[in-house]
Amino acid sequence: MKRTLLPMILNGLVGLALLGMSGCAPTLPQRPEQLRYPPVEFHIPAVDRFELANGVRVYLREDSELPLVQVTAMIGSGALAAPRALTGFDDLFAATLRTGGTLALPAANLEERLDQLAANLSCSMGPYATQLDLSVRRSDAEEGMTILADLLRRPAFDAAKLELARRHAQEGLRRNNDEPEAIAERLLLAALYPGHPLGDHPTQASLAAVTRAQLQAYHQEHFAPNNLWLAVSGDIRKAELLPLLAQVFGDWPRQAVAVAPLPTLMPAAEGLLQVVAKEVPQSTIMLGDLGLTKDNPDQYPARVMNFILGGGGFNSRLMREIRSDRGLAYSVWSQFQVGRRFPGPVMAGTETKNASVVEVLGLMRNIMNGLRDQPVSAEELHVARESLVNSFVFSFTDPHAVVAQRMQLDFYAYPADYLARYQERIAAVDAAAVQRVARDYLRPERQQVVVVGAPDEAAGTLDAFGLTVRRVSAAELP
């Protein structure tokens, strides 16, 4: 066999060489950027959507690549529906729901059984929704779904587990001011959302005030089939899933769900610069303002603008000018969070040595003003749009992320064509639109700024930025 193959290989190589000499071979570009490829065709993965008789909304994507089933159960109520005085309720509720067992399966037995099933189960509560995530082998899908349904319908909220979660949260509060970045983010959000739950932070008193009865009352008021959204993916067919859902949820009756009005947001009237004294070798800088919500079409030029400002890594102005050109910071970033029901924050941040704090903050503000004052270059615009358009497809590599995303887009009432037209809308952004949103949302005179560290103001003072300066000692921190 080897003696037969060798002449064939040699003849093939000689033939290729002669083909190249005859001029029939394609001419290769001299440089990588001269390579040309056909357009990538991409289609949004399909998700099957249906509703049970009692109002449970189900989203399914079948995928038999691995013998696993993943489920995300989302209750359409979150921390904003909890009593305002109970800041920290969200973490205690989620932790006790996850670990506190059910009426049929006490806490210790629940953990033991999940371990035996090699199942992963987590729970979290955000501002608008409470979410449980389950991953289980296909062969254990029925038992896993039964456990999940019991947690949703008949949680025990074991008192000992609540106390354990409370102690863990209180210990976290005691270490609250260890990390400069955590201090800066906490003060910045409080300044951006003054007197609003989105800017609140737990206290020892608020954590101590949460009772098991309050957890049970919240569950009774908000957990109902008509307030439940399910995303299911993996090695399970619809014909298998339907009877399983009927078995574990079918006798759960609809009920009226408490609807808490959204609290009014009153943004800060003017900019503020807070300086938190902390003896560390470098200072943390964070600054921000309020941006927009998902219903605002400015989100598309804003995404492009943010990429050029600081969201594009080494392709961004902040990184290029502050790190690459001057070596004043290892990392500098910006983010433009699109809010779902309230405006999201527009933020930027970095860490720099204490001697360069004033210089770096000045550079950050000057770079923002540059986006306001002059249109971006054609090259910057091209790189930003291409990067955002091309990276979009990577949002769909995880089958469960696809179905969970589709569920969440419907829950938050995104337009039906949001995903289908996302790339088109990004590609249509021009330089004028980028400059317009920079003028609308990058407003240095209204920004909330936090500096945590020991900034050296010998060469320049933080008072020079035209903002009210509030100097905070470590003892004054919440």
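The values are calculated or read from the model by the stated rules, or taken from the named source; none is laboratory data. This is a predicted model, so every value here is computed, not measured. Glycine also receives a Cβ, built like all others from the backbone with ideal geometry; neighbour counts cover every protein chain displayed. The accessibility values were calculated without ligands, DNA or RNA, using every heavy atom of the protein model including side chains. Shrake-Rupley method; radii C 1.70, N 1.55, O 1.52, S 1.80 Å.
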Legend entry - Net charge, GLU476 excluded, C-beta distance under 14 Å - Lys, Arg +1, Asp, Glu -1: +4
Inset, instruction - Can you check how the C-alpha radius of gyration of segment 264-408 compares to 2.2 N^0.38 Å, as a plain ratio? - result: 1.17
Legend entry - Per residue solvent-accessible surface (Å²) - the chain, probe of 1.4 Å: 49
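I'm a student and want to see the number: the projected area of the Cα convex hull of the chain, averaged over all directions, in nm².
Numbers: hull surface 126.6 nm².
Projected over every direction and averaged, the Cα hull of the chain covers 31.6 nm².
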Legend entry - Directionally averaged shadow of segment 219-289, computed from the convex hull of its alpha-carbon atoms, nm²: 11.3
Inset, instruction - Using only alpha carbon positions, build the gyration tensor of segment 410-478, then give the equivalent ellipsoid semi-axes as the square roots of 5 times its eigenvalues, largest first, whole angstrom. - result: 40, 19, 10
Legend entry - the chain, accessible surface, carbon-and-sulfur percent (1.4 angstrom probe): 54
Legend entry - Sorted peptide list for 338-347, 268-277, 110-119, criterion being average Cβ within 10 angstrom, highest first: 338-347, 268-277, 110-119
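Once the other residues with Cβ under 11 Å from the Cβ of GLU62 are scored (Lys, Arg +1; Asp, Glu -1), what is the net sum? It would help to have the intermediate numbers written out before the result.
On the way: positive: ARG61, ARG237, LYS238; negative: ASP48, ASP63, GLU65, ASP235, GLU240.
It works out to a net charge of -2.
Under 8 Å for C-alpha pairs, at least 6 residues apart: give me the relative contact order for the chain, rounded to a whole percent.
On the way: 798 pairs, mean separation 95.0, N = 478.
That works out to 20 percent.
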Legend entry - Among 388-400, 206-218, the order from most to least packed when residues are scored by Cβ within 10 Å on average: 206-218, 388-400
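Could you order peptides 72-85, 154-167 by the average number of other Cβ atoms within 10 Å of their residues, highest first? Show your work: numbers first, answer last.
On the way: 72-85: 20.1, 154-167: 17.7.
Per-residue Cβ counts within 10 Å, averaged per peptide and sorted highest first, yield 72-85, 154-167.
Report the equivalent ellipsoid semi-axes for segment 130-210 in whole Å, largest first, defined as the square roots of five times the eigenvalues of the gyration tensor built from alpha carbon atoms. Let's see the in-between values first.
Working: eigenvalues 229, 57, 36 Å².
Calculated on Cα positions only, the semi-axes equal 34, 17, 14 Å.
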